[in-house]
Structures are given as C-alpha cells and as structure tokens.
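**Student:** My questions will all concern the structure given below.
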C-alpha cells in the first residue's frame, strides 16, 4: 500500500503531505485505469489473495504476482516455476564462474538440484576462491547430508549459503556478525543507516559488506530517493538465522559435557546467545534512528516507511530481556503512531495492542509507560468511533498515572483531558466539564499560564461551553 501511495505522488494524484496512505493508494490505481498506457505492476511475495484484496487495478494494467501460496485458481493464471534444465544449469555455472568445465558443472548442478539460487551462490564462491566445481561439490555434499530435514528451504540451497558465509568469515570474523544482524531484518531493502548498528567499527563494517556482496549473499539496492540500502534474499536470511542459533546450541552441548549439571542451566540460558545479541543490536539501532514524530510530522514518513518492515521483523523475536523488550514496545508505539498519523488504523491497532501487552508483562500493569500504551490504544479506538471501547482504557490510564505520578502531574492532566473528550463525544457534557476544569487547573499550576498545553486545556473547556 505504501508503494502504491508513492506511485500516486509520481502520477501527481497525491501530495507528499497526504496523510491517508490508503486514499493515496486508491488514487494511484484510479489514475492507472484512466491512462491510455498499459502498466505492469509487480506484487512480490504475496502471502495469500486476501492480502491484496482492494489493491488491484480494475483497468489499465497487467499484474504479475509472486507467491508461495499454492492455490490462485479464480484469482489469476498460475505459472509454476521449476528448476533449470540441466543444459541451462551447466551453461549458467560456467558463465557465472568464468571457466570451462562441463563435466564438473554437470555434477555440481545435479548435486544442487539445479536450483538457480543455489547455482548462483556456488558459482560466485568458485569464482572468488578459484575452487573447482568438483571441490565445491565435495564440500556441498557433506553439508547437504548433514543439513536438518524439515527446513523451510531446499537443503542444497542451505549448503551453498553455508559455504559462502564460511568463505566470507575465513577472511575476517565481522561478516558472521553482520549476516546474523541482517537475518533478523525484514526481506525488504535494509537502510544502511540501520546496518550501522551491526558493527561499530566503520572499516570492519564496510569490509564485511564488501565480502558478503562479492559472494552474492547481499546486494546494494538503494531506495528511490537515493538512500543507500542492501537486500538479502529470504533464504539467505533463514540460513543465517539457523547458523547463529546453531552456534549457541553447539556451545550449549559443549558446556554440558565439561561442566555437568551445574552448567546445563546456564548453557540453556545462552542457547541462542549470538541470535540474542544480533536482535538486541538491531533493536538498539532502530531505537536510535526510527523517528518518534511519525504521528504528526509528514517529513519523517519516508524514513518511517523504510524502517518499519525491519522494526516489525526485529520485534517479532522475543528474547525475554526487559530492556530490549521495553525498547520494542517503544518502537511498536512509534510505528503505530506513524500508521495512525497516516490514517491506516488497521495497521496501527495491532502494534498498539502488542506494545501494551509487552509493557504489561515487562514493566507491570501499573507502570507509567503502560498508561501511555493504554492512552495510545484508546485514542485509536476513539478515532475509529469505538467510544465504549476507548473509555475504560482512558479510565485505567488515568488511575495508573494518579497513583504512579501523582494527581497534579502534567501526564495526569493529559489522561484527565482524554477522558473528558470521550465523555463529551458520548454526549455526557456534565461529566466532561469538571474533568476539563481539572486538567486546566493542573496545567496552570504545573506548566504555567502561558504554556501551549495550558492554552489547549482552556480551548477544550471553552468549546464545551
């Protein structure tokens, strides 16, 4: 939807200040239908037909959908993608690796199941290391045999990625940490401003990016506005996640062997130490760069749009650390505010709800930050017209702030004002008036007569009169 909204700006049917992203997206589709040209729209990695309901053009375009969903009958003509024919696989391997060895290429292609992605990474490694196809096949075969069954990707692909990462790490250790970091991002373009959080040393980070790019594990893929970014294939990310978690498991086994029962509990707590570290660094970097004013500042929307997929991917991983979980809750609130400010309420609500759940668990049901999440969710419900749902949330937030911050704190005044607004919207003017008067009194005393929030309180009371 965000991409369609950006297209609306290109077609000059929406401005960059348009807050309602769904409205802008629909405007783009209408404009495409009105033009005489035929467009090609590509909807990549669609989870199911329902995901794009209402977002398809009704005229003026051809649509290409890529998906792992198995049944598109009634929606689209299906074209199944198979592996490469053996002749094409051989030619691809030799051309990509820059050598002539048809026998070795044939054997390697068969070992890798003629999967294009596996062939691409195998050829890139052979070209960079001058390894023969036969030697690569020998290494890949052992990895394929040892790969876990039931993984969500072909075992031959996992083997080629493992070898490619091993080759990058052989030069210096930084690529392993960088690949683990990227593994917990979304598969969309990853802004380099976010990647900076993976490795502190700029020279090491630059060298690691170069090593991974040389082996086709990542590629440089800047945004339309020129902002630098990289992409990593979803399967590369899956293998990298498995590597980081397997290292923790291996350390756990070793610890059990040498430290007996006393060390088993500690080893289990560190089972995914490398993965935990990668996620923690990702969340910390997002907390540093994700805008906090997405609700009210259209200038921050482009950066929010770039970072939000990675925020959602990073916050998917629960690592049971209060500090990191608290940062996740704050980030989910920021992202929810961004969607709320753009009137995409359906996207904002689950983020606010999840932030509230995290804070209740990590900080407790009576923490001031929990009250903030209650207020955010209540404001959203009120904007959607669910006054009955919003009111008890506002009342709970007020009770928390009165107890935790005191009856005369400015944040308490905010909760008093919010509750007054929902009562006013419900037609209960007699109940709203004393709350507005109380909010004004608190702000006059705590902030002063000339403060903007005091003026807002006066204005709210005046409108009620």
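**Student:** Just one of (1) in contact with a helix residue (DSSP H, G or I) (Cβ under 8 Å, 6 or more places away or on another chain); (2) not assigned by TED's automatic domain parsing to the domain that holds residue 34 trips up residue 59, so point out which.
**Tutor:** Going through (1) in contact with a helix residue (DSSP H, G or I) (Cβ under 8 Å, 6 or more places away or on another chain); (2) not assigned by TED's automatic domain parsing to the domain that holds residue 34 one by one, residue 59 breaks only (2).
**Student:** Of the residues 27, 91, only one is surrounded by 15 or more Cβ atoms within 10 Å (Cβ to Cβ) and in contact with a helix residue (DSSP H, G or I) (Cβ under 6 Å, 6 or more places away or on another chain); which?
**Tutor:** 27
**Student:** Answer yes or no as to whether residue 179 is more than 30 Å from residue 228 (Cα to Cα) and at pLDDT 90 or above.
**Tutor:** When the stated conditions are applied, residue 179 does not pass them.
**Student:** Restricting region 260-292 to residues that are in a loop (DSSP other than H, G, I, E, B) and over 19 Å from residue 5 (Cβ atoms), which is modelled with the highest pLDDT?
**Tutor:** Ranking the qualifying residues of region 260-292, first place goes to 290.
**Student:** Of all residues in region 277-308, which are in contact with a strand residue (DSSP E or B) (Cβ under 9 Å, 6 or more places away or on another chain) and either surrounded by fewer than 23 Cβ atoms within 10 Å (Cβ to Cβ) or free of Cβ contacts under 8 Å to residues at least 60 places away in the same chain (or both)?
**Tutor:** Hits for region 277-308 are 289, 303, 306.
**Student:** Continuing with this model, one more query. Filter the helices (runs of 4 or more DSSP H) completely within region 97-212 down to those with at least 1 residues that are free of Cβ contacts under 8 Å to residues at least 40 places away in the same chain and surrounded by fewer than 18 Cβ atoms within 10 Å (Cβ to Cβ).
**Tutor:** Of the helices (runs of 4 or more DSSP H) lying wholly inside region 97-212, those with at least 1 residues that are free of Cβ contacts under 8 Å to residues at least 40 places away in the same chain and surrounded by fewer than 18 Cβ atoms within 10 Å (Cβ to Cβ) span 102-111, 116-129, 133-146, 155-171, 192-195.
**Student:** Would a scan of region 19-27 turn up a residue that is more than 22 Å from residue 304 (Cβ to Cβ), at pLDDT 85 or above and assigned to a loop (DSSP other than H, G, I, E, B)?
**Tutor:** No, region 19-27 contains no residue that is more than 22 Å from residue 304 (Cβ to Cβ), at pLDDT 85 or above and assigned to a loop (DSSP other than H, G, I, E, B).
For (1) part of a loop (DSSP other than H, G, I, E, B); (2) under 28 Å from residue 123 (Cα atoms); (3) without any contact (Cβ under 8 Å) to a residue 24 or more places away in the chain; (4) more than 21 Å from the chain's Cα centre (by Cα), each residue gets a yes or a no:
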| site | (1), (2), (3), (4) |
| --- | --- |
| 51 | no, no, yes, no |
| 59 | yes, no, no, yes |
| 62 | no, no, no, yes |
| 70 | yes, no, yes, yes |
| 74 | yes, no, yes, yes |
| 81 | yes, yes, yes, yes |
| 87 | no, yes, yes, yes |
| 93 | no, yes, no, yes |
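**Student:** Among the residues of region 311-321, are any surrounded by fewer than 24 Cβ atoms within 10 Å (Cβ to Cβ), in contact with a helix residue (DSSP H, G or I) (Cβ under 6 Å, 6 or more places away or on another chain) and at pLDDT below 90?
**Tutor:** Yes, region 311-321 contains at least one residue that is surrounded by fewer than 24 Cβ atoms within 10 Å (Cβ to Cβ), in contact with a helix residue (DSSP H, G or I) (Cβ under 6 Å, 6 or more places away or on another chain) and at pLDDT below 90.
**Student:** Quick check on my filter: what residues within region 213-244 are touching a residue at least 60 places away in the same chain (Cβ under 8 Å), closer than 12 Å to residue 189 by Cβ and part of a loop (DSSP other than H, G, I, E, B)?
**Tutor:** Once the filter is applied, which keeps residues that are touching a residue at least 60 places away in the same chain (Cβ under 8 Å), closer than 12 Å to residue 189 by Cβ and part of a loop (DSSP other than H, G, I, E, B), region 213-244 yields 223, 224, 225, 227.
The values are calculated or read from the model by the stated rules, or taken from the named source; none is laboratory data. Just so it is clear, the model here is predicted, and its values are computed rather than measured. Here Cβ is always computed from backbone atoms with ideal geometry, including for glycine, and neighbour counts include all displayed protein chains.
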